[in-house]
Amino acid sequence: MPDGAPCTCDACKQRRYVTQRGSTAAVWEGLCTMPDGAPCTCDACKQRRQVEAQQEAEGRALQQCWAEVRQAVRCVYRETTVEKQRISSTKSDTPKLAEMVTRLASRDPHQLYQRLESQAREFVIEMKVRLFKKLSVGLKTPQQARQFIAYLLDEFDSLCSASTQVAAVLNELEKNHLQSFNLTWDRLNRHLFQSIIYSDPLLQNSLPMIIRQMR
């Protein structure tokens with residue numbers, strides 16, 4: 001019932017008790033059905049069905065919002081990589097994406113942050129794989145050392161460029177959630193680069209040798 005009390009229609013009362021492990025126990029089962037299997041037509045049951053349908057529709061809409069935001073974010077990051085296989089003409093609808101981000105953030109801002117952070121982290125890890133592949137083949141000449149450092153800086157620049165573009169649609173998330181932790185999207189991306197790539201022991205151990213080669 002609207003006040004939270006069990007529905008008193010005959011169908012609901014009939015289904016109020018079910019047999020569990022050989023004993024009769026009072027169990028409220030939610031939406032009920034008539035003896036012939038048809039949905040109960042009492043006001044309380046119809047109201048619950050409407051609420052359930054609205055919740056399911058809202059859930060599907062939020063899932064679609066996230067799918068579009070995720071795809072747009074992935075495109076932005078991958079289109080700013082140094083080693084692009086092709087030039088993509090994908091253009092994001094910034095106002096529409098910002099609206100979807102606002103809608104997602106209003107439901108669960110921290111979950112949205114975690115999902116977006118996962119996308120950025122995945123991109124930085126891919127960047128690390130590319131960089132360390134170049135490092136693993138060996139830098140035997142001053143030119144190779146300079147090329148590696150230039151590539152490292154270019155990758156960092158591409159990450160910063162991508163984070164700036166993504167931040168353009170995250171205003172509400174930054175203002176109403178990230179600022180509580182003294183965090184911005186750009187600062188997060190820089191931290192990911194520093195913690196995942198620059199602080200990696202392999203790179204740190206190689207940098208003195210690379211610098212010597214450049215002299």
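Would you mind putting 195-203, 69-77 in packing order, based on average other-beta-carbon counts within 10 Å, highest first?
Packing proxy ranking, top to bottom: 69-77, 195-203.
By how many nm would the segment from ASN176 to ALA38 grow when fully extended, if each residue of separation counts as 0.36 nm and the alpha-carbon distance is taken off?
My answer for the length gained is 45.1 nm.
On full extension of the chain, what length is gained from ASN205 through TYR151, given 0.36 nm per residue of separation minus the C-alpha to C-alpha distance?
Answer, rounded to one decimal: 17.7 nm.
Please list 131-140, 108-117 highest first by mean number of surrounding beta-carbon atoms within 10 Å per residue.
108-117, 131-140
Using a cut-off of 12 Å between beta-carbons, work out the net charge of the residues near LEU183 (Lys and Arg +1, Asp and Glu -1, LEU183 not included).
With Lys, Arg at +1 and Asp, Glu at -1, the neighbours total 0.
I'd like the FRET efficiency for LYS133 and ARG212, computed as 1/(1 + (r/R0)^6) with the beta carbon distance as r and R0 of 22 Å, rounded to 0.05.
My answer for the efficiency is 0.50.
A short reminder: the numbers here are calculations on the coordinates, not readings from a lab. Since the structure is predicted, the reported quantities are computational estimates derived from the model, not experimental observations. A quick note on method: Cβ atoms are made from the backbone with ideal geometry, for glycine too, and the neighbour counts reach across all protein chains shown.
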